[in-house]
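Everything below concerns the one structure shown next.
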Amino acid sequence: MDNWIDDCFDSHLALLKTLAAIPAPSHHEDERAAFIKDWLEKAGAAGAYIDEAKNVVLPLGCEDRDDITVYMAHTDVVFPDLTPLPVREEGGILYAPGVGDDTANAAALMTVIRRLLDLGRTPVQPVLFVFNSCEEGLGNLKGVRQIMKDWAGRVKEVVSFDCTMPGGVVCRAVGSERWRVTVRTRGGHSFSDFGAPSAIHRLALLISRLYEQALPDWAGQHTTYNAGVIRGGTTVNSIAQEAEMLYEYRSDDKKALAMMRAQFFDILAAAQTAAGSDASFSRDLLGERPCGSEVDPAAARALWDRCARAVRSVTGAEIVPRSGSTDANLPLSLGIPALTFGLYEGEGEHTREEWLRIDSLKPGLQLAFTLVAEQFA
């Protein structure tokens, strides 16, 4: 194992640098998808294809089988750039926006596939490799939604390679809803129309009320809310005619998430009543991630144990469960066992200063191969 990783490591690091430089905002993963498909074909993978959601999909041994294990890593990053992203190596550290989340995990999965193909290994259980789109932000899990639709009723379990090296393994889905709220008023000139209703003022009152709301208070759940973006107005001497915010709430409990939606609707309706004809409020649902559903305990335990053995064998550490919002949300919401963990060590996710330790990529490769190779002979 160590010899293989040492022998391929320079090419693996070169692959990661190349992939990290390719821009891939959510919904615009075309260039990365084309690169990955071409790379897999050159590595000897037959049957790889790009679906309508811009996922790169490689089924192995899946014909007429309904017990498929999905291994996936997402291709999109949070940055809107459509030009090459900067990649820099310095002092054993690799820097790039999105280099870890989730480029390092996608590159590791690619290298593991190539190793299995080089060895001539064939799956004894059906495996679906997926490099999926739209995991981040308002991508709204479009990629994994497409996989769960196209392979409905055939997926046994899902492992999503995301986040950093265990430690923690995401096994409980944090659901969320993201909304755009728009306020419109007549507006006017800040001096001659002083006292006319302001969209910014009305939006500020709404936000204040949202930040005063009660959260679910029962044990075993964690629920949050956030107004993350505010826009509005035109000039300093204009009473704003329009203002908007992006607002979300999250919870790892389905009942709590429903409570947050009900409270949001009530607070918004109260704001409209208070404003009367002075302002109009509208809401648009931008994104929705489901909480988990009931999963067969024995199947969930089997997946957990298999991943725990692989982690233990490589790192010597025991994994711990945690909640998170990842591609695993979708299968968990459908009652399919799913876990998420990563294959590198680093920090700065979702910042342009993101970095990873290059030497951590080796145990990450070993972990991914150890887990995936169990299903190949």
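The values are calculated or read from the model by the stated rules, or taken from the named source; none is laboratory data. For clarity, every value in this text was computed on a predicted model and none was experimentally measured. Cβ placement follows ideal geometry from the backbone for every residue including glycine, while neighbour counts extend to all protein chains displayed.
Here are the numbers for this structure:
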read-out	value
Test: Ile36 is more than 23 Å from Phe341 (Cα to Cα) and touching a strand residue (DSSP E or B) at 6+ places or on another chain (Cβ under 8 Å)	no
Restricting the stretch 44-57 to residues that are closer than 19 Å to Gln146 by Cβ and in contact (Cβ under 8 Å) with a residue 40 or more places away in the chain, the residue that is surrounded by the fewest Cβ atoms within 10 Å (Cβ to Cβ)	Glu52
Residue match in the stretch 243-257 (condition: in contact with a strand residue (DSSP E or B) (Cβ under 6 Å, 6 or more places away or on another chain), among the charged types (D, E, K, R) and either more than 14 Å from Trp179 (Cβ to Cβ) or free of Cβ contacts under 8 Å to residues at least 12 places away in the same chain (or both))	yes
For Arg178: the one exception among (1) in a strand (DSSP E or B); (2) basic (Lys, Arg); (3) closer than 30 Å to Val311 by Cα	(3)
Test: Leu246 is within 21 Å of the chain's Cα centre (by Cα) and either small (Gly, Ala, Ser) or part of a strand (DSSP E or B) (or both)	yes
Candidates Arg352, Arg312 - the one that is surrounded by fewer than 17 Cβ atoms within 10 Å (Cβ to Cβ), assigned to a helix (DSSP H, G or I) and of a type outside the set (A, V, I, L, M)	Arg312
Residue check, Val78 in the same structural domain as Leu361 (by TED's automatic domain parsing), at pLDDT 95 or above, farther than 26 Å from Leu356 by Cα and in contact with a helix residue (DSSP H, G or I) (Cβ under 8 Å, 6 or more places away or on another chain)	no
The stretch 260-287 residues that are closer than 14 Å to Leu210 by Cβ, paired with ones that are acidic (Asp, Glu) (beta carbon under 7 Å, 6 or more apart)	Arg261/Glu177
Any hit, the stretch 58-70, residues being of a type in the set (A, V, I, L, M), in contact (Cβ under 8 Å) with a residue 12 or more places away in the chain and closer than 20 Å to Asp38 by Cα	yes
Qualifying position, being at pLDDT 95 or above and surrounded by fewer than 16 Cβ atoms within 10 Å (Cβ to Cβ), among Glu41, Glu29	Glu41
Subset of the stretch 112-161 (residues that are β-branched (Val, Ile, Thr), over 17 Å from the mean Cα position of the chain (by Cα) and part of a strand (DSSP E or B))	Val127, Val155
Looking only at the stretch 191-233, and only at residues there that are β-branched (Val, Ile, Thr) and in a helix (DSSP H, G or I), the one that is surrounded by the fewest Cβ atoms within 10 Å (Cβ to Cβ)	Ile207
